[in-house]
Amino acid sequence: MKYSIDKKETYTIITIDEKKLDTTVAPDLKSEFVKLNAEGINNLILDLGNVKYTDSSGLSSILIANRLCNSTGGLLVLTGLQDHVMKLITISKLESVLHILPTVEEGIDRVFLHAIERDLTSKE
């Protein structure tokens with residue numbers, strides 16, 4: 001699987017450099033999510049701008065990342081979704097479960113906003 005990881009202090013950006021997120025790629029991606037979570041990384045921005053197609057196994061890997069981030073109080077943000085990928089998420093009725101934004105920059109802003117919201121609610 002071709003991808004790049006850019007680790008920052010409060011978030012990590014994973015850019016998938018594959019056209020398809022399917023059964024040939026999804027297991028490696030799931031493993032990477034678990035590894036990052038074990039390292040204490042709980043805010044992920046998944047840049048899917050290069051992904052033109054995904055199947056149920058690709059969607060499953062995204063849901064695993066979402067669950068791992070949520071379980072540690074973090075956030076998974078999907079960015080750059082192509083039409084087919086967005087259509088699968090909509091058909092699966094997951095657009096209300098997943099945080100989807102057009103750009104990585106907006107994803108970064110959403111991660112910071114999530115941290116502020118979490119701090120405010122923990123002080124109440």
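The values are calculated or read from the model by the stated rules, or taken from the named source; none is laboratory data. Every value quoted in this text rests on a predicted model; they were computed, and no experiment measured them. When we count neighbours, we look across all protein chains shown, and the Cβ atoms used for this are built from the backbone with ideal geometry, even at glycine. When the accessible area is computed, the model is the full protein with side chains, heavy atoms only, and any ligands, DNA or RNA have been set aside. Shrake-Rupley method; radii C 1.70, N 1.55, O 1.52, S 1.80 Å.
Observations, loosely collected:
- Unique match (being open to solvent by less than 40 Å² (accessible area, probe 1.4 Å), under 17 Å from residue 79 (Cα atoms) and acidic (Asp, Glu)) among 22, 47: 47
- Every condition in (1) under 18 Å from residue 13 (Cβ atoms); (2) open to solvent by 30 Å² or more (accessible area, probe 1.4 Å); (3) part of a helix (DSSP H, G or I) holds for residue 86 except the one numbered (1).
- Which numbered condition residue 32 fails, given (1) free of Cβ contacts under 8 Å to residues at least 24 places away in the same chain; (2) more than 21 Å from residue 109 (Cα to Cα); (3) of a type outside the set (A, V, I, L, M); (4) part of a helix (DSSP H, G or I): (1)
- The set of residues in segment 17-74 being farther than 17 Å from residue 90 by Cα and among the aromatic types (Phe, Trp, Tyr) consists of 33 alone.
- The residues of segment 1-19 that are polar (S, T, N, Q) and surrounded by fewer than 15 Cβ atoms within 10 Å (Cβ to Cβ), listed by number, are 4, 10.
- Every residue from segment 97-113 that is over 15 Å from residue 10 (Cβ atoms) and either of a type in the set (A, V, I, L, M, F, W, C) or in a helix (DSSP H, G or I) (or both): 97, 98, 100, 101, 106
- Selection of segment 50-83 for residues being farther than 18 Å from residue 28 by Cα, surrounded by 19 or more Cβ atoms within 10 Å (Cβ to Cβ) and polar (S, T, N, Q) yields only 79.
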